[in-house]
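Colleague: Shown below is the structure under consideration.
Here, each number is a calculation from the coordinates, and none is a lab measurement. Values in this document were obtained by computation on a predicted structure and should not be read as measured data. All Cβ positions, even for glycine, are placed from backbone atoms using ideal geometry, and neighbour counts span all protein chains on display.
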Amino acid sequence: MEQKKIIIFGVSQLASLAHFYFKYDSPHAVVAFTVDKDYIQADTFEGLPVVPFEDIEKLYSTEEYYMFLPISFKQMSHLRREKYEAAKAKGYKCVSYVSSKATTWPDLNIGENCFIFEDNTIQPYVKIGNNCVLWSGNHIGHHTEIKDHVFLTSHVVISGCCVVEENSFFGVNSTVRDETIIGKETLVGMGAIITKDTPEGSIWIGAKSTQRESKSNQIDSISHKTNG
């Protein structure tokens, strides 16, 4: 695989983790970090320069450098989506990271700016869109499609032949039965068991899969509470 020079967005713990994984489990080289200029508190992070995102393309050519944006699930991943789209608008291509300790098959169908940690099992014919995060230890069943900007925490089971729509979130140990459609911006809480299609913006809490009346895009703090 060709080595790419990468700029990581952020100076958070997730950015530090991304730097670690690229350093020890990737042919690519991280060369800098970037954040919005109002959030720069130091000139370096992990021993590398931190530069303003507003000026990044003036310092690092979009033809030569790639971007990786490991941003959290806050606001149902809309913040990560916003920054990903801003990087694309500047002309950057984004790399994805797939752990060498994940179980995958040849011709993995995966988009840009995905962060797939160790011990994920991704079965044949799975499709994963752009800007998704799969934390460690998940199972993604065959012929399932995960669309853009989705966040899975850990030990999530998505059974075979499912469709997960954009900006959905899954808490630890949640489960989705086979041939289920997860509606856009669905929040599946820790330990929830989903046995039927979910409406857009719905919230599911607990093992009985009780739907709450609130819309997921109206709630930020609940995703922290359901993340374990």
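Colleague: Ranked by Cβ crowding within 10 angstrom, fewest neighbours first, how are V156, V164 ordered?
Modeller: Working: V156 23, V164 27.
The order, fewest Cβ neighbours first, is V156, V164.
Colleague: Let me ask you something else. What list do you get for Y60, Y65, Y39 if you sort them by fewest beta carbons within 10 Å? It would help to have the intermediate numbers written out before the result.
Modeller: Values: Y60 21, Y65 18, Y39 12.
Least to most surrounded, the residues fall as Y39, Y65, Y60.
Colleague: In addition: What are the GluC sites (Glu not before Pro) within segment 29-125 that DSSP puts in a loop, where the Cβ has at most 10 other Cβ atoms within 10 Å? Could you put the intermediate results ahead of the total?
Modeller: On the way: sites: E46, E54, E57, E63, E64, E82, E85, E112, E118; in loops: E46, E63, E64, E112, E118.
In loop regions of segment 29-125 (DSSP not H, G, I, E or B), the sparsely surrounded GluC sites (Glu not before Pro) are E63, E64.
Colleague: Taking amide hydrogens as modeled 1.01 Å from N in the peptide plane, which residues meet the under 5 Å criterion relative to T103, leaving out close sequence neighbours?
Modeller: Sorted by chain and number, the residues that satisfy this are D119, N120, T121, I122.
Colleague: Follow-up question, since we're still on this one. Helix-only estimate, please: 222 nm mean residue ellipticity of the chain, summing -39500 (n - 2.57) across DSSP H runs of length 4 or more and dividing by its residues, to the nearest 500.
Modeller: Details: 4 runs with 34 residues, N = 228.
Rounded to the nearest 500, the figure is -4000 deg cm²/dmol.
Colleague: How would you rank C162, C132, going from fewest to most other Cβ atoms within 10 Å of each one's own Cβ? Numbers along the way, then the final one.
Modeller: Values: C162 23, C132 26.
The fewest-first ordering by Cβ neighbours comes to C162, C132.
Colleague: So, with +1 on the Cβ of K and R and -1 on the Cβ of D and E, and no other charges, what is the size of the charge dipole of the chain about its Cα centre, to the nearest 20 debye?
Modeller: Working: 22 positive and 28 negative charges, 85 e Å.
My answer is approximately 400 debye.
Colleague: Still on this structure: Give me a comma-separated list of calculated 3J(HN,Hα) values for segment 171-188, in order, Karplus coefficients 6.51, -1.76, 1.60 applied at θ = phi - 60°, integers in Hz, x for any Gly or Pro.
Modeller: Result, rounded to whole Hz: x, 4, 6, 7, 9, 10, 6, 5, 6, 10, 9, 9, x, 3, 6, 6, 10, 9.
Colleague: Hey, if you put +1 on the Cβ of every Lys and Arg and -1 on every Asp and Glu Cβ in segment 57-210, which of I203, Y125, Y60 ends up farthest toward the positive end of that dipole?
Modeller: Checked the options; the winner is I203.
Colleague: Along the positive direction of the dipole of the chain (beta-carbon charges: Lys, Arg +1; Asp, Glu -1; about the Cα centre), which of C161, V176, V98 reaches farthest?
Modeller: Of the candidates, V176 comes out farthest on the positive side.
Colleague: While we're here: Can you tell me the orientation of helix 78-90 relative to the chain, as the angle in degrees between its alpha-carbon axis and the longest Cα principal axis, to the nearest 10?
Modeller: On a 0 to 90 degree scale, this one is about 40.
Colleague: Next question. Towards the positive end of the charge dipole of the chain, with charges on Cβ (+1 Lys, Arg; -1 Asp, Glu), say which of H142, F115, H28 has the farthest Cα.
Modeller: Checking the options against the dipole of the chain, the answer is H142.
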